[in-house]
1. Exactly one of these conditions fails for VAL224: (1) open to solvent by less than 20 Å² (accessible area, probe 1.4 Å); (2) within 13 Å of the ligand (Cβ to nearest atom). Give me its number.
2. Give all pairs with beta carbons closer than 7 Å in which a residue from segment 24-36 that is in contact (Cβ under 8 Å) with a residue 40 or more places away in the chain meets a residue that is within 12 Å of the ligand (Cβ to nearest atom) and among the small types (Gly, Ala, Ser); count only pairs at least 6 apart in sequence or on separate chains.
3. Can you tell me which residues in segment 49-64 are part of a strand (DSSP E or B) and open to solvent by 50 Å² or more (accessible area, probe 1.4 Å)?
4. In the set GLY161, GLY193, which member is farther than 20 Å from ARG40 by Cβ and outside any helix (DSSP H, G or I)?
5. Looking at segment 124-145, which of its residues are of a type outside the set (Ser, Thr, Tyr), within 13 Å of LEU177 (Cα to Cα) and out of contact with any strand residue (DSSP E or B) (no Cβ under 8 Å at 6 or more places or on another chain)?
6. Out of the residues in segment 94-142 that are open to solvent by less than 10 Å² (accessible area, probe 1.4 Å) and in contact with a His (Cβ under 9 Å, 6 or more places away or on another chain), state the one that is nearest to TYR35 (Cα to Cα).
Amino acid sequence: MPDLSTFVKICGVTTPTQAAAISQLGPTALGLNFYRRSPRCVTLEQACEIRTAITPGVLAVGVFVNETVDSMLTIFKEAQLDVIQLHGDEPAHVVTQIREEARSQGLPQPGIYRAFRVGEEGLVDVSKHLEELSQLGFQYDGVLIDARVTKISSSNQGQAGETIYGGSGHQAPWPLLIGWREILRQTPLYLAGGLTPANVEEAMRTVHPTGVDTASGVEVSPGVKDLALCRQFIERVRAIVAS
Ligand SMILES: O=C(O)c1ccccc1NCC(=O)[C@H](O)[C@H](O)COP(=O)(O)O
């Protein structure tokens, strides 16, 4: 089992009130979503207000999907984020651009987490991506493994698959993640995808991640967090780690 400081991220907070209340429950990080198509998306103005409500010591993580480096760094700076979470199809070299651009603007270096949506192929693509990144001389501060979900929509042009980038409520293929340490080595693995207070114990005992992340599993409705579920989730994780 991971140690007592196991990382817990509650993702997709949308109001300062939620952020203040959830911060008090002792998560490691709160996620603020900037993907316009997410029901959890916040504007920069909202993010700045939410940021001030987050208890010092709790990380503020900005979640981005295929956003430009300029836009991510503007939000990082204005909303005083700690971490940029790349949750789209960003290539490895984006990390170089973020690092160089932050340096040239005199900004603190953001932490960078990278989300991968994993299906039945397991960690093969993750491994290739991390190899490319290491050739550039970098590693992520965390890798978040989410579920791969494609929404099939049909039109008169035929059937098309739309990637659901995150917040799907679907589970990643836990058994295929068991050997993650050989691939990620020193990089922490944050397990996401359909985690709830009811299934987080089984997830942790199967995958042994460095930490866990949830969005829809602790909500009343998309973007509206249920404080009781957030408390149960965080307490459950802490109890499992302590056991
Ligand atoms: O939550 C979203 O709406 C979302 C949309 C697009 C990209 C990322 C998104 N969330 C990022 C997260 O880190 C979620 O916690 C993760 O996808 C797991 O979500 P869930 O299955 O709902 O717990």
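1. Against the list (1) open to solvent by less than 20 Å² (accessible area, probe 1.4 Å); (2) within 13 Å of the ligand (Cβ to nearest atom), VAL224 comes up short only on (1).
2. From segment 24-36, the pairs are THR28/GLY211; GLY31/GLY12; LEU32/GLY62; ASN33/GLY12; PHE34/GLY62.
3. Of everything in segment 49-64, just one residue is part of a strand (DSSP E or B) and open to solvent by 50 Å² or more (accessible area, probe 1.4 Å), namely LEU59.
4. Going through GLY161, GLY193 in turn, just one is farther than 20 Å from ARG40 by Cβ and outside any helix (DSSP H, G or I): GLY161.
5. If the condition is that a residue be of a type outside the set (Ser, Thr, Tyr), within 13 Å of LEU177 (Cα to Cα) and out of contact with any strand residue (DSSP E or B) (no Cβ under 8 Å at 6 or more places or on another chain), then VAL124 is the only one that fits.
6. Only one residue tops the list, namely ALA115.
Condition check ((1) more than 13 Å from the ligand (Cβ to nearest atom); (2) open to solvent by less than 10 Å² (accessible area, probe 1.4 Å)) across all residues:
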site: CYS41; (1), (2): no, no
site: ALA47; (1), (2): yes, yes
site: MET72; (1), (2): yes, yes
site: LYS77; (1), (2): yes, no
site: GLN80; (1), (2): yes, no
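Residues checked against (1) farther than 19 Å from GLY62 by Cβ; (2) touching a residue at least 24 places away in the same chain (Cβ under 8 Å):
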| position | (1), (2) |
| --- | --- |
| GLN85 | no, yes |
| VAL95 | no, yes |
| VAL124 | yes, no |
| GLU132 | yes, yes |
| ASP141 | no, yes |
| THR163 | yes, yes |
| GLY169 | yes, yes |
| LEU176 | yes, yes |
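The values are calculated or read from the model by the stated rules, or taken from the named source; none is laboratory data. These numbers come from a predicted model, not from an experiment. With ideal geometry, Cβ positions are generated from the backbone for all residues, glycine too; neighbour counts draw on all protein chains shown. Side chains are part of the model used for accessible areas, which takes the heavy atoms of the whole protein and leaves out ligands, DNA and RNA. Shrake-Rupley method; radii C 1.70, N 1.55, O 1.52, S 1.80 Å.
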